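What follows is a short report on a single structure.
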Amino acid sequence: MRANELVHLEQLNEEAYGRVVCYPRYSVEELRKRLKELRKLGVTAIEFSGKKVVSGLPALGKGCVGIVVTAYRRNEKVAMKIRRVDADRTRMQHEAEMLKKANTVSVGPCLLDVSDNFLIMKFIEGMLFPEWIHTLSGRGTKFRVQRVLRNVLEQSWRLDELGLDHGELSRAPKHIIADADGKPWIVDFESASVNRKVSNVTSTCHYLFIGSPIAKAIQTELGQLDRAKLIQALRNYKQNRTRESFETILKVCLLQTS
Ligand SMILES: Nc1ncnc2c1ncn2[C@@H]1O[C@H](COP(=O)(O)OP(=O)(O)OP(=O)(O)O)[C@@H](O)[C@H]1O
Ligand SMILES: [Mg+2]
């Protein structure tokens, strides 16, 4: 893999970069079209960096629909999702609409712009949640973990209230970023929908407290959780989605007694 590289728009017409911009089927015509689109969006450069590898170059993410890279729009560092040439979506507008809606309740990175093949959002400087939790140690750790978890759950609640189902929160190791201030950000609204029954709170709880290796790490910090109580609280919430039933979940998850 090549090292981190900042590549200006004028150099992006080289095939090596084109293989990321037009992943996984590069063609000169497609690249030309996409570079024109980038110019219109005001993108001046792409930075190939991150822990994923796409066509031999580093990137932030690689999914079924998109490749996520760091980019610069004018002078601002942004995160940009590039539509894969073979994606089963023909445009990025659906994800943009979902993210924009989430933004109305202060969830998700702020949507900055969108075109058929690119979605541009605010760059979240931080770490994926599982990585973040493993970096913590010493005094105040429990408090910080509780604060992040409460915030993730409140965001999930707001999405439930909004009627927007994220769709991928039950297995979310790559969908929650904790920033430098320890604020969590939910990302990837590709599979989100306003036409499904919402299950953001219940999915988030399953991921964080029941069914993943991260649940163990969290309990190491917060203490043992009453699983049966949580399952009952989630069941109640599903049947009767009220603030009160949500707060019961919060209490069980954050191990608060009052
Ligand atoms: N706004 C952002 N700021 C910083 N990093 C981001 C941002 N959005 C996404 N990322 C990083 O990119 C990774 C992949 O993002 P995401 O899940 O949205 O795309 P994907 O999996 O590549 O595509 P898709 O699931 O739509 O096919 C995330 O796990 C995260 O590490
Ligand atoms: Mg994804």
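Scanning the range 167-183 for residues that are of a type outside the set (A, V, I, L, M, F, W, C) and either under 11 Å from PRO130 (Cβ atoms) or within 11 Å of ligand 1 (Cβ to nearest atom) (or both) yields GLY167, GLU168, PRO173, LYS174, HIS175, ASP179.
When the residues of the range 178-195 are filtered to those that are in a loop (DSSP other than H, G, I, E, B) and β-branched (Val, Ile, Thr), the one that is nearest to VAL69 (Cα to Cα) is VAL187. Checking SER212, SER191 one by one, the residue that is within 16 Å of ligand 1 (Cβ to nearest atom), among the hydroxyl-bearing types (Ser, Thr, Tyr) and at pLDDT below 95 is SER212 and no other.
Given the residues ILE133, ILE124, which is the only one that is open to solvent by less than 30 Å² (accessible area, probe 1.4 Å), farther than 21 Å from GLN11 by Cα and modelled with pLDDT under 95?
Values: ILE124 fails: modelled with pLDDT under 95.
The conditions single out ILE133.
Scanning the range 156-167 finds one or more residues that are within 23 Å of CYS64 (Cα to Cα), in contact with a strand residue (DSSP E or B) (Cβ under 6 Å, 6 or more places away or on another chain) and either in the same structural domain as ALA79 (by TED's automatic domain parsing) or among the charged types (D, E, K, R) (or both).
Can you tell me which residues in the range 167-195 are aliphatic (A, V, I, L, M), within 16 Å of ligand 2 (Cβ to nearest atom) and either in contact (Cβ under 8 Å) with a residue 40 or more places away in the chain or loosely packed, with under 15 Cβ neighbours inside 10 Å (or both)?
The first filter runs over the range 167-195 and keeps only residues aliphatic (A, V, I, L, M), leaving 169, 172, 176-178, 180, 186-187, 192, 194.
Subsequent filtering for residues that are within 16 Å of ligand 2 (Cβ to nearest atom) retains 169, 172, 176-177, 186-187, 192.
Hits for the range 167-195 are ALA172, ILE176, ILE177, ILE186, VAL187, ALA192.
Of all residues in the range 52-62, those being open to solvent by less than 30 Å² (accessible area, probe 1.4 Å), within 14 Å of ligand 2 (Cβ to nearest atom) and either out of contact with any helix residue (DSSP H, G or I) (no Cβ under 9 Å at 6 or more places or on another chain) or at positive phi (or both) number 1. Entry remark, the range 136-163: residues being small (Gly, Ala, Ser), open to solvent by 10 Å² or more (accessible area, probe 1.4 Å) and in a helix (DSSP H, G or I) number 0 in total. Scanning the range 9-18 finds one or more residues that are without any contact (Cβ under 8 Å) to a residue 24 or more places away in the chain and open to solvent by less than 10 Å² (accessible area, probe 1.4 Å). Can LYS142 be described as more than 26 Å from LEU60 (Cβ to Cβ) and modelled with pLDDT under 95? Yes: the conditions hold for LYS142. GLU29 passes every criterion in (1) within 29 Å of GLY167 (Cα to Cα); (2) loosely packed, with under 13 Cβ neighbours inside 10 Å; (3) acidic (Asp, Glu) apart from (1). Of the residues ASP116, ASP86, the single one that is of a type outside the set (S, T, N, Q), in contact with a strand residue (DSSP E or B) (Cβ under 9 Å, 6 or more places away or on another chain), in contact (Cβ under 8 Å) with a residue 24 or more places away in the chain and open to solvent by 30 Å² or more (accessible area, probe 1.4 Å) is ASP116.
Listed here are the residues, each with its yes/no results for (1) within 16 Å of ligand 2 (Cβ to nearest atom); (2) on the phi < 0 side of the Ramachandran plot; (3) open to solvent by 60 Å² or more (accessible area, probe 1.4 Å); (4) in contact (Cβ under 8 Å) with a residue 60 or more places away in the chain.
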site: ASP165; (1), (2), (3), (4): yes, yes, no, no
site: SER199; (1), (2), (3), (4): no, yes, no, no
site: THR202; (1), (2), (3), (4): no, yes, no, no
site: HIS206; (1), (2), (3), (4): no, yes, yes, no
site: GLN219; (1), (2), (3), (4): no, yes, no, no
site: ARG235; (1), (2), (3), (4): no, yes, yes, no
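This table checks each residue for (1) farther than 27 Å from ASN151 by Cβ; (2) within 13 Å of ligand 2 (Cβ to nearest atom); (3) assigned to a loop (DSSP other than H, G, I, E, B).
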position	(1), (2), (3)
ALA45	yes, no, no
GLY50	no, no, yes
ILE67	yes, yes, no
ALA79	no, yes, no
ASP86	yes, no, yes
THR90	yes, no, yes
VAL105	no, no, yes
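The values are calculated or read from the model by the stated rules, or taken from the named source; none is laboratory data. Bear in mind the structure is a predicted one, so any value in this text is a computation, not a measurement. Glycine also receives a Cβ, built like all others from the backbone with ideal geometry; neighbour counts cover every protein chain displayed. Side chains included, ligands, DNA and RNA excluded: accessible areas come from the protein's heavy atoms. Shrake-Rupley method; radii C 1.70, N 1.55, O 1.52, S 1.80 Å.
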